[in-house]
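Colleague: What follows is a single structure, and I will ask about it in a moment.
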Amino acid sequence: MFLSSHSDRPLPEEPTGEWTQYGVDGANTFSPDVSAPANGNLAWTSDAFTRWQPVVSDGTVYMTNFDSSRDGSAIALDAQDGTEQWRTTLGGSESPGSVFVDDLFIVAYETELVALDSQTGEQVWTKTTNGLDHPELLVAEESTGTVLIASDTAIEAFEAATGEKRWETNTVRDIFPAPAVYDGRVFAVGEVDEAPYLVALSMEDGSEHWRTELTAAPESAAPVVTEDGIFVDDNRTLIIYDRETGDQLRQLYSFDNDSYDVYRTVAVDDGTVFVSGDSGAVAIDSETGTERWHRDTQADEAGLCVGTETVVFPVKTPEFAPDKKTISAFDRESGEMRWYYGFDPGFHNSVTSQPVLVDGAVFFTSNRIDALGAIGDVPAQDS
């Protein structure tokens, strides 16, 4: 299961399915309706440097290679074999965010928002923004073709097709977890009058629908929205809020502060909530809060993604690979390990962005390879 980090083999089939933004969709569910590969071996790595999360659509992986010593480019790769389709130099050096919407690859960096034609890489439009402090603060609502950028001072909304600015609001500030969009509303966690709040805004004009004060602002897990409500971390307690009113529906699960210092990702799918934290991962019944399984092993900061049969997330030195850092797949019903891809656990070797799951492949970035890697059902290689 452990193999060399250098590989150049195509995946057996073209990966299908979409991962168009940080949380897979605007609601931050981290749960694409796809199957992880049957085995987790390294198929190919990109020639271009990157440490930033890619997006995937229609058999193409779109990535950025921004770094203070690099050329600040947007790059499109064939998802099956990693061959470069096009590259557009943008010139930035700060942490970029990206989304795919309306057949455009849209990149935010520094105070720039740039839309690129997905087939050619040509710039369609460029706009100036208040700035992007964290890559996950770029969000898209695909149904309305709207792109949102959250900064320390405001949320800005742009029309994806034209770049026209639709609205801006400073109702909520210092947003850090990615906002969620669902059914015409934006749900953001941040500060209102220097206190932590969950705020619901209109996607149409940015006006406020309601606000609910929290005990503490989430440290990293983004809110998740489903038809059942808004799942929010409030002082290490997972709480569900009503989408229409902001009223608390129920406290779902409380985490032992000694075991789960910070939980990094909340994912919701088909009646189960999956949470990864500093010291493990847990699956919870979304109605009762009953724990279905947990793994007490140190999860990487990069977060998890949930497929139809498996949950995939980075794990540091687990019992099945004690001398490795891994990207591992676990059975979503039982929590049993299915497969892992392991690499040397050096201090600087880690997964640097949220793994991206599509049908038949897991894409990841790591400073072990300083590139984009594709994991899939290919034969193992000797280390």
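The values are calculated or read from the model by the stated rules, or taken from the named source; none is laboratory data. Please read all numbers here as calculations on a predicted model, not as lab measurements. No Cβ is skipped: glycine too gets one built from the backbone with ideal geometry, and neighbour counts run over all protein chains shown. Areas reflect the complete protein model, heavy atoms only, side chains present, ligands, DNA and RNA absent. Shrake-Rupley method; radii C 1.70, N 1.55, O 1.52, S 1.80 Å.
Colleague: Out of residues 5 or more away from Asn65 or on other chains, whose amide H comes under 5 Å of its own, with H placed 1.01 Å from N in the peptide plane?
Modeller: Amide H neighbours of Asn65: Ser73.
Colleague: Looking at (i) 30, 27, 17; (ii) 33, 28, 19; (iii) 41, 27, 20, which value of semi-axes √(5λ) of the Cα gyration tensor in Å comes from a calculation on the structure shown?
Modeller: Evaluating semi-axes √(5λ) of the Cα gyration tensor in Å on these atoms matches (i).
Colleague: Next question, about the same structure. Given Cα pairs under 8 Å that are at least 6 residues apart, what percent is the relative contact order of region 16-127?
Modeller: Relative contact order for region 16-127 comes out at 18 percent.
Colleague: Stretched out fully, how many nm does the piece from Ser93 to Glu227 gain, at 0.36 nm a residue minus the Cα gap?
Modeller: 44.4 nm
Colleague: Please list, in order along region 35-43, the HN-Hα scalar couplings obtained from phi with the Karplus expression 6.51 cos²θ - 1.76 cosθ + 1.60 (θ = phi - 60°), rounded to whole Hz, x for Gly and Pro.
Modeller: With the stated coefficients, region 35-43 comes to 9, 5, x, 5, 10, x, 10, 6, 8 Hz.
Colleague: Further question: Amide H neighbours of Thr146 under 5 Å, counting only residues 5+ apart in sequence or on other chains, H built in-plane at 1.01 Å?
Modeller: Those qualifying (amide H under 5 Å, at least 5 residues apart or on another chain) are Glu141, Ala160.
Colleague: Accessible area per residue of the chain at 1.4 Å probe, in Å²?
Modeller: Roughly 37 Å² per residue, with all protein chains present.
Colleague: Here's something else I'd like to know. Using a Förster radius of 22 Å, what is the FRET efficiency between Asp183 and Leu249 based on their Cβ-Cβ separation? Nearest 0.05, please.
Modeller: The computed FRET efficiency comes out at 0.85.
Colleague: Compare the Cα positions of Thr310, Ser353, Ala299 along the charge dipole of region 291-383 (+1 at Cβ of Lys, Arg; -1 at Cβ of Asp, Glu; about the Cα centre) and return the one farthest towards the positive end.
Modeller: Sorting the options by dipole projection puts first Ser353.
Colleague: First compute the accessible area of the chain with a 1.4 Å probe, then give the percent of it belonging to carbon and sulfur atoms.
Modeller: Within the chain, the accessible surface is 38 percent carbon and sulfur.
Colleague: Relative to the present Cα-Cα distance, how much length would full extension add between Asp370 and Val192 at 0.36 nm per residue of separation?
Modeller: Gain on stretching Asp370 to Val192: 60.2 nm.
Colleague: Same structure, new question: Can you list residues whose amide H is under 5 Å from Trp293's amide H, if they're 5+ apart or on another chain and H is modeled 1.01 Å from N?
Modeller: The answer is Ala283.
Colleague: Using a simple spin-label model with points 7 Å from Cα along the Cα→Cβ vector, what separation in nm is obtained for Asp278 and Ser207?
Modeller: 4.3
Colleague: Thr288 to Thr120: extension gain in nm, 0.36 nm per residue of separation minus the Cα-Cα distance?
Modeller: The span from Thr288 to Thr120 would gain 55.6 nm if fully extended.
Colleague: Another question, if that's okay. May I ask you to evaluate 6.51 cos²θ - 1.76 cosθ + 1.60, the Karplus curve with θ = phi - 60°, for each residue of region 285-295 and list the ³J(HN,Hα) values in order in whole Hz, giving x for glycine and proline?
Modeller: Computed from phi, the couplings for region 285-295 are 5, 6, 9, 9, x, 5, 6, 8, 6, 8, 10 Hz.
Colleague: Let me know the shape class of region 90-160, please: from the alpha-carbon gyration tensor, a ≥ b ≥ c as square roots of the eigenvalues, rounded when a/c is under 1.5, otherwise prolate if a/b is greater than b/c, or oblate.
Modeller: Oblate is the answer for region 90-160, as a/c is 1.5 or above yet b/c matches or exceeds a/b.
Colleague: Assuming a ≥ b ≥ c are the square roots of the Cα gyration tensor eigenvalues, decide whether region 60-201 counts as rounded (a/c under 1.5), prolate (otherwise, with a/b larger than b/c) or oblate.
Modeller: Prolate.
Colleague: Also, quick follow-up: Does region 167-253 classify as rounded, prolate or oblate by the C-alpha gyration tensor (a ≥ b ≥ c root eigenvalues; a/c under 1.5 gives rounded; else a/b over b/c gives prolate, otherwise oblate)?
Modeller: Oblate shape, in that a/c is at least 1.5 and b/c is the bigger or equal ratio.
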